[in-house]
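The structure appears below as structure tokens.
The values are calculated or read from the model by the stated rules, or taken from the named source; none is laboratory data. Worth saying up front: this structure is predicted, and the values here are computed from it rather than measured. In this analysis, Cβ positions are derived from the backbone assuming ideal geometry, glycine residues included, and neighbour counts consider all displayed protein chains. Note: accessible area is taken over every heavy atom of the protein model, side chains too, but ligands, DNA and RNA are not part of it. Shrake-Rupley method; radii C 1.70, N 1.55, O 1.52, S 1.80 Å.
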Amino acid sequence: MDDIRVVNLNKAFGTHIVFENTTVRFSAGKRSVVMGESGCGKTTLLRILMGLEPRDSGEIAGTPKYISAVFQEDRLLEEFSAVSNIAFAADKDVTNEIIFRHLAELGLRESALQSVGELSGGMKRRVAIARAMLAKKELLLLDEPFKGLDDQNRDRTAEYIKRNSDGVTTIIVTHDMDEVALMDAALIRMGNYSNKA
């Protein structure tokens, strides 16, 4: 497992400069929290690492084959149950028993067989997190994973993520400084280049 190295990354959308010769390193097997002002490219960086967004120039090295992600939107299949949503993306060795256990860890044992469309926003968020945790992964990308969670569920979910991501390179995007300590993660601050466009 290698560190993920982003070197002299450049990316713009029209005249809006998102990255300008940005260099950053994410330590292999560790958790990193990315923070910065709105529009500084936090989500764009995750999309570039996943191969969903092309970079204009620069080098990226160390990105592994298996990447799992929680997006800003939950992206669940609303008509299917929480268990089914997770099973669709789960690693081949993950059984329904394991899925039920993970949902129980997140306080969702009683809702496991409900259709996702019947769940609250915070419950859906936790299903999306469990789905990402049980997918085959060497890199875990979490874009504002605690959005919509109250303090109690945020703390429970943070402990769940830490328990189940040991040794996995994890990159978390957040606006909340408290979550850096909550996740016991290295802090990476990103600049905003939009005023230079």
- Message: Given points 7 Å out from each Cα along the Cα-Cβ axis, report the residue 110 to residue 15 separation in nanometres with one decimal.
- Response: 5.6 nm
- Task: Can you work out the accessible area per residue across the chain, with the rest of the protein chains kept in place, probe 1.4 Å, in square angstrom?
- Result: 48 Å²
- Note on the structure: Note on the chain, DSSP bridge orientation, antiparallel percent to nearest 5 equals 40 percent
- Query: Can you give the accessible area of residue 147 in Å² (nearest 10), computed on protein heavy atoms with a 1.4 Å probe?
  - Reply: 90 Å²
- Residue-averaged [θ]222 nm for the chain, counting only DSSP H segments that reach four residues, each worth -39500 (n - 2.57): -9000 deg cm²/dmol
- Item | Apportionment of accessible area to carbon and sulfur, the chain, percent (1.4 Å) | 46 percent
- Once phi is turned into ³J(HN,Hα) by the Karplus curve 6.51 cos²θ - 1.76 cosθ + 1.60 with θ = phi - 60°, what whole-Hz value does each residue of the range 123-135 show in order, with x for glycine and proline? 5, 4, 4, 5, 5, 4, 5, 4, 4, 5, 5, 9, 6
- Query: Can you pull the accessible area of residue 50 for me, 1.4 Å probe, Å² to the nearest 10?
  - Reply: 50 Å²
- Cα-centred dipole magnitude for the chain, charges only on beta-carbon of K, R (+1) and D, E (-1), debye, nearest 20: 420 debye
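Grab the beta carbon distance between residue 8 and residue 159, set R0 = 41 Å, and tell me the FRET efficiency rounded to 0.05. Don't skip to the end; give the middle numbers.
Details: r = 37 Å, r/R0 = 0.91.
In this case the efficiency is close to 0.65.
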- Message: Given a Förster distance of 25 Å, report the FRET efficiency between residue 98 and residue 66 from their Cβ-Cβ distance, rounded to the nearest 0.05.
- Response: 0.90
- Message: Rounded to whole Å, give me the distance from the Cα center of the range 16-90 to that of the range 138-156.
- Response: 14 Å
